[in-house]
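Beneath this line is the structure, given in structure tokens, with notes to follow.
The values are calculated or read from the model by the stated rules, or taken from the named source; none is laboratory data. Note that this is a predicted model, so its numbers are computed, not measured. Cβ coordinates were reconstructed from backbone atoms using ideal geometry, including for glycine residues, and neighbour counts include every protein chain displayed.
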Amino acid sequence: MDRRTALHHLAALPLAAASTRLWAAPSAGARLLFVFLRGGYDAASLLVPVASPFYYEARPNIAIARPGAELNTALPLDADWGLHPVLRDSIYPLFQSGQAAFIPFAGIDDLSRSHFETQDSIEMGQPLTGKRDYRSGFLNRLAGVLQGAHPIAFTDQLPLAMQGGLQVPNTALRNLAKPAIDARQARIIAAMYEGTPLARNVSEGFAVRDDVMRDMAGEMEAANRNAISAKGFELEARRIARLMKDKYTLGFVDVGGWDTHVGQGGATGYLASRFDELGRGLSGFAQEMGADWRQTVVVVVSEFGRTFRENGNRGTDHGHGTAYWVLGGAVHGGRVAGEQTALTARTLFQNRDYPVLNEYRAVLGGLFARLYGLNGAQLSQVFSGVAPRDLSLV
């Protein structure tokens with residue numbers, strides 16, 4: 001029995017058990033790439049709530065300025081939202097051409113704010129209550145109900161999202177980027193200011209940075225779970241596209257480096273550089289897909305968002321709601337989709353975070369139903385007990 005025939009039979013078996021009527025497995029003709037930003041990226045810097053005065057009060061040092069003539073101001077999306085300016089030449093053209101949409105106030109109902117627990121919950125795609133199967137990921141289950149699916153994980157180890165009844169290959173893409181200023185460069189910069197009134201400030205600044213980064217390095221590395229860096233993704237995205245054009249229909253890649261407790265930056269700085277690298281990688285992926293981009297969807301998620309207010313280290317801490325990206329040649333984009341609310345101190349979740357108004361299983365269930373034509377029984381194999389929410393994304 002060849003692999004294609006085996007996949008067909010495996011896809012049919014759970015459907016037969018679910019009902020006395022056997023539904024035909026839908027085709028996996030569309031291509032789907034799932035991009036997981038591990039570490040919890042700051043959605044309020046990507047999708048800027050430009051209509052909220054409270055945003056600018058809560059972030060005196062790291063807020064992105066409202067759209068204007070300067071290059072470091074937010075790119076206008078609609079009356080309420082702007083896009084980080086470093087995405088001007090990568091993601092913004094996709095949005096303007098209707099090939100990109102954003103879903104704010106998205107996420108999971110898990111309230112732990114733990115990288116690991118929340119990442120696992122998302123990758124499993126199972127109800128938070130009751131018995132949970134830690135060897136069953138929602139993308140593996142999705143492949144199981146699709147005829148002719150060819151899944152792959154572009155990761156060092158097979159992620160939980162791809163674990164389950166189907167055997168899924170993985171290939172490592174780990175390529176960590178170097179820090180912006182290493183220890184040698186810091187010593188050179190400090191020497192340049194030696195003997196000047198700024199010498200003490202520069203020296204103490206680097207000392208504080210080193211102390212904080214030592215404290216946070218272990219958490220960030222663990223939160224990344226061996227994911228490639230944003231720089232690594234930029235370099236590898238075109239190779240991912242070539243593989244998905246030729247052979248694979250369902251892909252997963254994770255990208256680390258988003259746990260920005262310290263020195264996050266605003267229009268420029270650490271986080272801006274990560275967005276720039278990620279955006280160029282996704283744009284390169286779209287270009288490399290060529291004509292196949294018309295049948296491709298890319299979904300970008302993170303385990304949670306970050307605190308709406310900046311912290312004392314000009315960064316942000318673990319939060320709750322976030323923003324998802326949906327890109328593709330067939331995407332009904334050019335809009336900010338899903339349920340939304342005005343951003344004020346009163347509407348924050350627990351007085352600190354974005355609320356979750358667009359639950360991720362419902363949103364992805366609605367997307368998968370439209371993308372693949374899944375019926376209710378088939379969708380329940382992927383996300384049990386969920387009423388799909390159709391945002392007309394494809």
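One residue is enough: does region 129-143 have a residue meeting the conditions of a type in the set (S, T, Y) and more than 30 Å from Y248 (Cβ to Cβ)? Yes: region 129-143 contains one or more residues that are of a type in the set (S, T, Y) and more than 30 Å from Y248 (Cβ to Cβ).
I'd like to know if region 224-233 contains one or more residues that are out of contact with any Phe, Trp or Tyr (no Cβ under 9 Å at 6 or more places or on another chain), surrounded by fewer than 24 Cβ atoms within 10 Å (Cβ to Cβ) and not polar (S, T, N, Q). Yes, region 224-233 has at least one match.
Is there a residue in region 171-187 that is modelled with pLDDT of 70 or more and not in a helix (DSSP H, G or I)?
yes
Condition first: in a loop (DSSP other than H, G, I, E, B), at pLDDT 95 or above and over 30 Å from N61 (Cβ atoms). Can you find one or more residues in region 347-360 that meet it?
no
Listed by position, the helices (runs of 4 or more DSSP H) enclosed by region 19-109 that each have at least 2 residues that are modelled with pLDDT of 95 or more and closer than 27 Å to D254 by Cα are 43-46, 91-96. Checking A217, A286, A291 one by one, the residue that is assigned to a helix (DSSP H, G or I), at pLDDT 95 or above and surrounded by fewer than 20 Cβ atoms within 10 Å (Cβ to Cβ) is A291 and no other. Taken over region 223-252, the criterion of being under 13 Å from the mean Cα position of the chain (by Cα) and at pLDDT 95 or above is satisfied by F252 alone.
Applying a threshold of 6 Å to beta carbon distances and a minimum spacing of six or more residues, or different chains, the list of pairs starting in region 267-290 at a residue that is under 14 Å from I64 (Cβ atoms) and touching a residue at least 12 places away in the same chain (Cβ under 8 Å) and ending at one that is surrounded by 23 or more Cβ atoms within 10 Å (Cβ to Cβ) and of a type in the set (V, I, T) reads A267/I64; L271/T260; A272/V86; F275/V86; D276/V86. I need a count of the residues in region 109-137 that are surrounded by fewer than 22 Cβ atoms within 10 Å (Cβ to Cβ), among the β-branched types (V, I, T) and touching a residue at least 24 places away in the same chain (Cβ under 8 Å). Number satisfying all stated conditions: 1.
Filtered by the rule that a residue be of a type in the set (S, T, Y) and surrounded by fewer than 22 Cβ atoms within 10 Å (Cβ to Cβ), region 332-375 gives T341, T344, T347. Could you please let me know if A241 is within 15 Å of L32 (Cα to Cα) and either surrounded by 23 or more Cβ atoms within 10 Å (Cβ to Cβ) or touching a residue at least 12 places away in the same chain (Cβ under 8 Å) (or both)? Against the criterion (within 15 Å of L32 (Cα to Cα) and either surrounded by 23 or more Cβ atoms within 10 Å (Cβ to Cβ) or touching a residue at least 12 places away in the same chain (Cβ under 8 Å) (or both)), A241 qualifies. Pairing residues of region 142-167 that are at positive phi with residues that are buried (at least 22 other Cβ atoms within 10 Å of the Cβ) and among the polar types (S, T, N, Q), at Cβ distances under 8 Å and at least 6 apart in sequence or on separate chains, gives G164/N140. With respect to (1) among the small types (G, A, S); (2) out of contact with any Lys or Arg (no Cβ under 8 Å at 6 or more places or on another chain); (3) over 21 Å from A43 (Cα atoms); (4) assigned to a loop (DSSP other than H, G, I, E, B), the lone exception for A377 is condition (4).
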